[in-house]
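First the structure, which I've put down as structure tokens, then a few questions once you've had a look.
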């Protein structure tokens with residue numbers, strides 16, 4: 001998988017995230033994928049854990065969306081600088097997300113916040 005292919009996959013993932021399409025989002029992940037804090041605790045484990053976690057978050061925050069301010073291909077990783085909005089009335093927060101890949105799918109996402 002080339003750097004541009006990895007970046008295109010993450011762009012698809014973000015489009016599905018912003019559409020609140022948890023099923024489409026996890027379709028771009030391995031069965032054993034996870035989302036975690038940077039060098040820390042796993043937040044959502046496995047494709048089903050990611051799916052159920054996202055669905056719960058989208059239900060809790062129906063206006064949730066992320067704006068990508070910058071994206072980088074660094075070796076075999078993709079790194080995004082995002083601003084996440086939970087609602088129109090709460091302040092957004094910034095996050096750096098680091099995407100790792102296995103067999104053409106996202107296998108791990110780590111969030112620096």
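Sort out which residues of region 10-39 are in contact with a helix residue (DSSP H, G or I) (Cβ under 7 Å, 6 or more places away or on another chain) and surrounded by fewer than 14 Cβ atoms within 10 Å (Cβ to Cβ), and write them in order of number.
Once the filter is applied, which keeps residues that are in contact with a helix residue (DSSP H, G or I) (Cβ under 7 Å, 6 or more places away or on another chain) and surrounded by fewer than 14 Cβ atoms within 10 Å (Cβ to Cβ), region 10-39 yields 23, 31, 32.
Which one is nearest to the chain's Cα centre (by Cα) among residues in region 83-113 that are over 18 Å from residue 43 (Cα atoms), assigned to a strand (DSSP E or B) and free of Cβ contacts under 8 Å to residues at least 60 places away in the same chain?
83
Residues in region 62-75: is at least one under 25 Å from residue 5 (Cα atoms), surrounded by 12 or more Cβ atoms within 10 Å (Cβ to Cβ), in contact (Cβ under 8 Å) with a residue 12 or more places away in the chain and out of contact with any helix residue (DSSP H, G or I) (no Cβ under 7 Å at 6 or more places or on another chain)?
Within region 62-75, one or more residues are under 25 Å from residue 5 (Cα atoms), surrounded by 12 or more Cβ atoms within 10 Å (Cβ to Cβ), in contact (Cβ under 8 Å) with a residue 12 or more places away in the chain and out of contact with any helix residue (DSSP H, G or I) (no Cβ under 7 Å at 6 or more places or on another chain).
Now a separate question. Scanning region 1-42 for residues that are over 22 Å from residue 76 (Cβ atoms) and either outside any helix (DSSP H, G or I) or in contact with a strand residue (DSSP E or B) (Cβ under 9 Å, 6 or more places away or on another chain) (or both), which turns out modelled with the lowest pLDDT?
41
Here's another thing I want to ask about it. May I ask you to verify whether residue 80 is crowded, with 16+ Cβ neighbours inside 10 Å, in contact with a strand residue (DSSP E or B) (Cβ under 8 Å, 6 or more places away or on another chain), more than 18 Å from residue 102 (Cα to Cα) and free of Cβ contacts under 8 Å to residues at least 40 places away in the same chain?
Here the answer is no, as residue 80 does not meet what is asked.
The values are calculated or read from the model by the stated rules, or taken from the named source; none is laboratory data. All values derive from a computational prediction rather than experimental measurement. Heads up, the Cβs are rebuilt from the backbone with ideal geometry, glycines too, and the neighbour counts pull from every protein chain shown.
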